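Comments concern the structure below.
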Amino acid sequence: MLITTRNITRMTKSKTRYAYTLAFKVAGLLLFVVMLTGCEKFLDVPPKDKVPQADLLKDEQGFKDALTGVYLSMDKPQSGGSYGLYTTNLSMGMLSTLAYNYDNATSPAVGVGSTFYNNVVYYAYTDATVRAELDGIWAGMYNNIANLNNLLDNAEGKKEIFTRDNYNRVKGEAIALRALFHFDLLRMFGQPPATGMNTKAIPYVTKFGIRPTSYSTVAQALDSCIADLNIAKALLAETDTLSLVHAGYDAFSSYTQNHLNYWAVQGLLARVYLYKGDKDNAELYARSVIGSNKFPLIASNVAGTGNPVRDRTFYQEQLFAVYSSSIKNYNTDLFNKSSGTPLRLLPAGKTTLYSTGSGNASDYRNISWFDNSVAGIPVPSKFFQDNNLPYELQNIVPVIRVSEMYYIAAECANAKGDVTGATTMLNKVRQSRGLTALNPAGFTNPDTLSIEVMREYQKEFIQEGQTWFYYKRLNKDLKQVTSTTAAIPADVYVFPIPDKEKEYNH
């Protein structure tokens with residue numbers, strides 16, 4: 001069994017970056033080190049290409065490199081797959097296609113790997129190309145979990161080798177990432193919580209080794225996520241919690257929005273508690289993030305074409321984002337094609353999304369997240385890389401953003417009958433997007449306000465994948481909430497577990 005990770009870290013505003021490949025071989029506990037690129041020395045490697053694991057994970061730098069390797073893997077295709085994990089499949093690619101963000105994906109001639117996206121939009125999970133990608137996601141994410149568990153096992157009893165707050169930072173982020181990966185595996189391969197809370201879902205693996213781990217139910221996996229996140233929160237509370245720039249003394253402590261930091265952990269707790277149906281705790285953590293005032297909503301259309309710099313992803317609102325060295329290629333392949341047909345939202349669908357009901361064509365998201373680059377048809381452009389982007393705005397894909405915290409708080413307030421509180425939360429985001437405020441008096445039925453929450457998810461998270469998870473959490477009828485013409489399978493929200501996993505872990 002070979003567990004492979006890759007590592008890249010953002011170094012300075014002059015774009016000094018480095019990368020490495022680590023390969024953990026379980027049987028021999030050997031670590032192979034291959035230098036990919038480097039602008040400065042970051043790891044002393046003996047002349048032999050085989051290094052005992054104990055030698056590599058014996059100092060602080062080794063642990064930092066191992067953790068950063070896991071972050072890098074979030075941008076890479078997983079075992080047997082073709083598309084970036086969090087930077088394509090779980091964002092602008094597969095999950096957004098499932099949520100019908102691109103209403104021309106039904107055409108078999110659309111996009112690179114057109115057979116893949118055409119099968120995805122028809123929920124053909126047993127198709128060979130789709131199955132290969134899903135199998136790769138499963139294997140790759142458990143590969144990451146194994147590397148994190150290995151790191152955590154080796155960190156025990158070694159606190160003295162770390163400087164500053166780096167022991168808490170490394171351990172806290174590793175545990176938080178373990179929770180994130182398990183949670184997203186659960187959201188893909190488990191039953192919807194509304195109907196399957198007590199059904200077996202996924203193994204929740206907390207030990208490094210080759211013994212199989214029994215399957216947890218949806219409820220048990222959620223409780224394990226929450227337990228891990230609470231441990232991570234306590235550890236990260238002892239660290240410098242947010243740095244939007246290069247820290248000067250330590251590249252690892254810089255740009256912590258690219259780390260699963262203290263505030264991102266609280267945001268993830270809000271997300272997990274909501275998935276569990278615990279709205280009190282979901283609202284508590286969502287409001288904690290909002291109340292920190294560390295992630296202010298935009299005050300003007302920073303993504304507009306009239307700006308010298310187009311901040312298309314609203315950087316200041318991001319709790320956690322994945323750094324992607326490949327995002328330009330992903331965009332070129334899927335949306336900004338020089339030939340062929342890209343994935344896109346046709347004019348009628350775009351109007352329906354942003355302009356009907358309480359919407360308006362002046363919505364900043366409508367104005368700025370689409371470029372008419374193919375025969376006048378809007379092409380989703382949230383992740384286009386403009387030539388003059390400053391360093392911190394380059395190559396990032398949001399995983400958790402503060403707008404979701406407002407939506408969570410709104411949903412929870414609405415569930416308690418607090419219409420004023422719910423509309424206040426929604427209006428904060430709406431007004432920051434150039435829309436008028438909703439009048440609480442217009443919502444005498446909680447279901448009507450719930451529709452407004454859903455519409456915000458649909459508008460805000462286009463190309464980010466979170467709309468699909470929103471639909472699944474509430475077990476939405478896809479025929480009612482999208483314009484899909486596909487037949488909807490009974491288990492549309494449950495991805496098939498790999499056959500090899502079934503054989504190995506019964």
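The values are calculated or read from the model by the stated rules, or taken from the named source; none is laboratory data. Quick caveat: nothing in here was measured; it's all calculated off a predicted structure. Glycine gets a Cβ as well: all are built from the backbone with ideal geometry, and neighbour counts include every protein chain shown. With ligands, DNA and RNA removed, areas are computed over all heavy atoms of the protein, side chains included. Shrake-Rupley method; radii C 1.70, N 1.55, O 1.52, S 1.80 Å.
Can you give me the number of residues within region 359-380 that are in a loop (DSSP other than H, G, I, E, B) and surrounded by fewer than 16 Cβ atoms within 10 Å (Cβ to Cβ)? Working first, answer last.
Within region 359-380, the subset in a loop (DSSP other than H, G, I, E, B) is 359-363, 369, 375-376.
Now restrict to residues that are surrounded by fewer than 16 Cβ atoms within 10 Å (Cβ to Cβ): 360-362, 375-376.
Within region 359-380, residues that are in a loop (DSSP other than H, G, I, E, B) and surrounded by fewer than 16 Cβ atoms within 10 Å (Cβ to Cβ) number 5.
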Take ASN101 and decide whether it is open to solvent by 10 Å² or more (accessible area, probe 1.4 Å), without any contact (Cβ under 8 Å) to a residue 60 or more places away in the chain and closer than 21 Å to LYS472 by Cβ.
no
Top-ranked residue in region 267-287 [being buried (at least 21 other Cβ atoms within 10 Å of the Cβ) and either of a type in the set (D, E, K, R) or at pLDDT below 95 (or both); ranked as farthest from VAL399 (Cα to Cα)]:
GLU283
Of everything in region 306-329 that's β-branched (Val, Ile, Thr) and in contact with a strand residue (DSSP E or B) (Cβ under 9 Å, 6 or more places away or on another chain), which residue is nearest to LYS382 (Cα to Cα)?
THR313
Of the conditions (1) touching a Gly at 6+ places or on another chain (Cβ under 7 Å); (2) of a type in the set (Ser, Thr, Tyr); (3) over 30 Å from ILE327 (Cα atoms), THR448 fails just one. Which one is it?
(1)
Only residues that are in a loop (DSSP other than H, G, I, E, B) and open to solvent by less than 10 Å² (accessible area, probe 1.4 Å): list them for region 54-89, please.
LEU57, MET74, ASP75
If you go through region 183-196 one residue at a time, do you hit one that is of a type in the set (A, V, I, L, M), surrounded by fewer than 18 Cβ atoms within 10 Å (Cβ to Cβ) and closer than 30 Å to LEU134 by Cβ?
yes
On the given criteria, is ASN414 touching a helix residue (DSSP H, G or I) at 6+ places or on another chain (Cβ under 7 Å) and on the phi > 0 side of the Ramachandran plot?
no
Quick check on my filter: what residues within region 414-424 are surrounded by fewer than 24 Cβ atoms within 10 Å (Cβ to Cβ) and part of a helix (DSSP H, G or I)?
ALA415, VAL419, THR420, GLY421, THR423, THR424
Please indicate, with yes or no, whether at least one residue in region 403-410 is assigned to a helix (DSSP H, G or I) and open to solvent by 60 Å² or more (accessible area, probe 1.4 Å).
no
Among the residues of region 249-266, write down those that are under 18 Å from ALA66 (Cβ atoms), at pLDDT 90 or above and among the aliphatic types (A, V, I, L, M).
LEU260
In region 322-354, what residues are assigned to a loop (DSSP other than H, G, I, E, B) and either open to solvent by 50 Å² or more (accessible area, probe 1.4 Å) or closer than 21 Å to PRO77 by Cβ (or both)?
SER324, SER325, SER326, PHE335, ASN336, LYS337, SER338, SER339, GLY340, PRO342, LEU343, LEU346
